[in-house]
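Below is one structure, written out as structure tokens, with a few remarks after it.
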Amino acid sequence: GQLIILALIQIGGLGFLTLLNMMLVAFKKKLSYTNKLIMQEALNQSSMRAIAIYIKRVIKYTAVIELTGALLLSFVFIPQFGFAKGIYYSIFHAISAFCNAGFDILGNNQNLINYSGNIALNIITCTLVFFGGIGFFVICELWEKRFKWKKFSMHTRIVISVSIVLIIAGALLLKITENISWMGAFFMSVSARTAGFATYSLGTFSKSGLLVIIILMIIGASPGSTGG
């Protein structure tokens, strides 16, 4: 059951159009000219050749980011759950975080509350959620242009700028309205917009704090992202 959910999370994260294109290539099916234009517009690419290159990059970056996240999370979960279960938990939560799903399999309806003080898990999860939330186009551009701000497109500049402003503003407002740590405020600010993980129970939040969460949820993730 968990593996079925994990597969659906991964499918949703990669995007229906990405998977559809992969299937068309695999089965050597051809698109009509109209459908090609629709595909190009939806994936923000200049040609069908560019789409093929883009999809390869999406798969590569997804695999690298999720595997790196799983490897880092294993240092948190293996000591607690043992090797096999720790690896499985690490993979599940890495995919869930990067795909902005917010599903956990830790049980007892606690989500990540028991890890509110775990710096490593908080930082790793926030990083995965952030990269999933900014979108594949931005990730590709960050890597190809070596994080050089002046070379970024307008789309990438807007996504990164707005994301950082929302994270900082959300963390400050949550710290002001709620009795939580700075790390907790930061985590909840990152997660609220796109993922849904929680290191504090929302049932204990004030109406002011919940209003902040609601605003962040309404804004959501970047277009073309795993949460968009």
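The values are calculated or read from the model by the stated rules, or taken from the named source; none is laboratory data. Values in this document were obtained by computation on a predicted structure and should not be read as measured data. Neighbour counts run over all protein chains shown; Cβ positions are idealised from the backbone, glycine included. Quick note on the areas: whole protein, heavy atoms, side chains included, nothing else; ligands and nucleic acids left out. Shrake-Rupley method; radii C 1.70, N 1.55, O 1.52, S 1.80 Å.
Computed on the chain, with alpha-carbon pairs under 8 angstrom and 6+ residues apart, the relative contact order is 21 percent. Computed in the context of the full set of protein chains, the accessible area of segment 175-228 at 1.4 Å probe radius has 67% of its extent on carbon or sulfur.
Take the chain and mark each of the chymotrypsin sites (Phe, Trp or Tyr not before Pro) that is in a DSSP loop with at most 15 other Cβ atoms within 10 Å; the longest unmarked stretch, sites excluded, is 28-146.
Derived value for the chain: Kirkwood hydrodynamic radius 18.6 Å. Basis is the mean of 1/r over every pair of different alpha-carbon atoms. Solvent-accessible surface of the chain, averaged per residue with a 1.4 angstrom probe and all protein chains in place: 55 square angstrom.
Placing dummy labels 7 Å off each Cα toward the beta-carbon, the span from Leu211 to Trp143 is 4.2 nm.
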